[in-house]
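Undergrad: Before I ask anything, let me first share the structure, which is written out below as structure tokens.
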Amino acid sequence: MKITNAYVNITSPGRNFVTLKIETDEGIHGLGDGTLNGRELSVASYLTEHVIPCIIGRDPFQTEDIWQYLYRGAYWRRGPVTMAAIAAVDVALWDIKGKALNTPVYNLLGGKSREGILVYAHANGKDIDHALEDVARHKEMGFKAIRVQSGIPGLATTYGISKGPGRYEPAERGLPSEYEWSSELYLRHVSKLFAQVREVFGDELHLLHDCHHRLTPIEAGRLGKELEPFHLFWMEDPTPAELQEGYKIIREHTTTPIAVGEVFNSIWDAHDLIRNQWIDYLRMTLVHGGGFTHLKKAADFADLYHVRTGFHGATDLSPVTMAAALHFDTAIHNFGIQELMPHTDETDAVFPHQYSFKDGLMVPGDAPGLGVELDESLAAKYPYQRAYLPVNRKLDGTLTDW
Ligand code: CS2
Ligand code: MG
């Protein structure tokens, strides 16, 4: 089998998505997600200008060699744009491989290790009462694990909370909005939020929370300790992870489990975090972490250190990544949990798929390959629209992490 053609599709059914389609001489095609929120055009250009010319004529079954060629052959290694482009190729090739062998991709990764994938939903509210209402709504929908975020008294806006009616979508059309932030106001509030969630809903629900990179290590240690009575499933992105050893400080102060990694793009971003057991869950996912070929190695390394996966699954990862993630989650031994931020109906129509949700669990479906397709005529109705993630400033104007 040979790769005969490949091209990039950019569509925007409510938000931008970058999809790579690879075609072969046996009429089998594969899809890969190359979406990088706010930098979509960079990945599309990297694929079109520098990657696609190099894969035409190659055997799509050679996933390892093609991955190494695109990683080592570029000379300039790692980074979100490069690794999202490599991921798009890798995932599309595994899709082709599954279709050619007439089997779902999870069978190529070790077969089923579990029947259903535990997923977590997002419950958000402008204040604690509204957050509690949203937890109740998601519990009613059957979720067993729920991430809880709320507005912070004294702050006009914060991460995870819609500014108006309707679902939360982080990227905003046009140039970046500027938000305000105060760790002091945030730290006064979070433990009150979870005290009330546990008070109302008891101990049964898995509860998660995302700090979104905003604390210092010692602040995160304080928060983790304050949250211990509420037995969180995890505290996510407590502090920026460029300084991996910063997580040692957090670990010394709290037993609240820690998840990190949605912005990571190779195992080298997490190597020290894992081998020192400074974290409990690795969030780096297939679209940003180099695809199945790299993530399988990263997950196997993490398994040696009791670290489990907790894949990123926000709306800015396309249904191609959700499908791929569920195949990966089905097969690997050290699966932890999968994030589920449901896409819009328009997005689901552009990307018809086999995966499904029931009683707090998801399944990838048993179609050969990934079980997801791209309706290109429908996709054409949603042209790209420039959109960026917000920028964050402390109350004194200092730029900080969003
Ligand atoms: C968030 C993401 O889902 C999460 O845990 O951190 O929604 C993140 O804000 C977006 O993916 C950024 O594009
Ligand atoms: Mg997050």
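The values are calculated or read from the model by the stated rules, or taken from the named source; none is laboratory data. Note that the structure is predicted; figures quoted are calculated from it, not measured. When we count neighbours, we look across all protein chains shown, and the Cβ atoms used for this are built from the backbone with ideal geometry, even at glycine. Each accessible area value is taken on the protein alone, full model and side chains, heavy atoms only, with ligands, DNA and RNA left out. Shrake-Rupley method; radii C 1.70, N 1.55, O 1.52, S 1.80 Å.
Undergrad: Is one or more of the residues making up the stretch 191-209 in a helix (DSSP H, G or I), in contact with a Gly (Cβ under 8 Å, 6 or more places away or on another chain) and not assigned by TED's automatic domain parsing to the domain that holds N37?
TA: The answer is no; no qualifying residue exists.
Undergrad: Now a separate question. Residue under question is L243, and the condition is that it be assigned to a loop (DSSP other than H, G, I, E, B) and either modelled with pLDDT under 95 or away from ligand 2 (no atom under 16 Å from the Cβ) (or both); does it hold?
TA: The answer is yes for L243.
Undergrad: Taking the residues in the stretch 159-169 that are open to solvent by 10 Å² or more (accessible area, probe 1.4 Å) and of a type outside the set (K, R) as candidates, determine which candidate is nearest to G397 (Cα to Cα).
TA: Y159
Undergrad: Which residue out of P229, P217 is more than 19 Å from the chain's Cα centre (by Cα), away from ligand 2 (no atom under 16 Å from the Cβ) and open to solvent by 60 Å² or more (accessible area, probe 1.4 Å)? Let's see the steps before the verdict.
TA: Working: P217 fails: open to solvent by 60 Å² or more (accessible area, probe 1.4 Å).
Of P229, P217, the one residue that is more than 19 Å from the chain's Cα centre (by Cα), away from ligand 2 (no atom under 16 Å from the Cβ) and open to solvent by 60 Å² or more (accessible area, probe 1.4 Å) is P229.
Undergrad: So in the stretch 316-341, with the set limited to residues that are within 12 Å of ligand 1 (Cβ to nearest atom) and either open to solvent by 10 Å² or more (accessible area, probe 1.4 Å) or part of a helix (DSSP H, G or I) (or both), which one is farthest from G38 (Cα to Cα)?
TA: Selected residue: L340.
Undergrad: Within the stretch 265-302, which residues are part of a loop (DSSP other than H, G, I, E, B) and open to solvent by less than 10 Å² (accessible area, probe 1.4 Å)?
TA: S266, A270, I279, R283, M284, T285, L286, V287, G289, G290
Undergrad: Condition first: closer than 22 Å to E236 by Cβ, of a type in the set (S, T, Y) and either within 19 Å of the chain's Cα centre (by Cα) or within 14 Å of ligand 1 (Cβ to nearest atom) (or both). Now tell me which residues in the stretch 131-183 satisfy that.
TA: T157, T158, Y159, S162, Y168, Y179 - these are the residues of the stretch 131-183 that are closer than 22 Å to E236 by Cβ, of a type in the set (S, T, Y) and either within 19 Å of the chain's Cα centre (by Cα) or within 14 Å of ligand 1 (Cβ to nearest atom) (or both).
Undergrad: Step by step: first the residues of the stretch 361-402, then only those that are touching a residue at least 12 places away in the same chain (Cβ under 8 Å) and of a type in the set (V, I, T), then the one that is nearest to G98 (Cα to Cα). Which residue is that?
TA: Step by step, filter the stretch 361-402, then rank; the result is V372.
Undergrad: Please work out which one of (1) within 16 Å of ligand 1 (Cβ to nearest atom); (2) surrounded by fewer than 17 Cβ atoms within 10 Å (Cβ to Cβ) is the condition W402 fails and give its number.
TA: (2)
Undergrad: Right, something else. Would you mention how many residues in the stretch 246-264 are acidic (D, E), assigned to a loop (DSSP other than H, G, I, E, B) and either over 22 Å from G38 (Cβ atoms) or not assigned by TED's automatic domain parsing to the domain that holds Y159 (or both)?
TA: Summing the residues that are acidic (D, E), assigned to a loop (DSSP other than H, G, I, E, B) and either over 22 Å from G38 (Cβ atoms) or not assigned by TED's automatic domain parsing to the domain that holds Y159 (or both) in the stretch 246-264 gives 0.
Undergrad: I'd like the full set of residues that are within 15 Å of K2 (Cα to Cα) and in contact with a strand residue (DSSP E or B) (Cβ under 6 Å, 6 or more places away or on another chain), limited to the stretch 60-88.
TA: Scanning the stretch 60-88 gives a single hit, P60.
Undergrad: So E184 clears everything in (1) acidic (D, E); (2) within 16 Å of ligand 2 (Cβ to nearest atom); (3) not in a loop (DSSP other than H, G, I, E, B) except one condition, right? Which one?
TA: (2)
Undergrad: Read through the list (1) in a helix (DSSP H, G or I); (2) open to solvent by 20 Å² or more (accessible area, probe 1.4 Å); (3) over 17 Å from I10 (Cα atoms), then give the number of the only condition that T48 fails.
TA: (3)
Undergrad: Quick one: count up the residues across the stretch 5-45 that are open to solvent by 10 Å² or more (accessible area, probe 1.4 Å), of a type in the set (V, I, T) and within 20 Å of A74 (Cβ to Cβ).
TA: 1
Undergrad: Would you please name the residue that is nearest to T315 (Cα to Cα), looking only at residues in the stretch 246-287 that are within 12 Å of ligand 2 (Cβ to nearest atom) and charged (D, E, K, R)?
TA: E262
Undergrad: Give just the number: which of (1) in a helix (DSSP H, G or I); (2) hydrophobic (A, V, I, L, M, F, W, C); (3) under 18 Å from the mean Cα position of the chain (by Cα) does F357 not satisfy?
TA: Failing condition for F357: (1).
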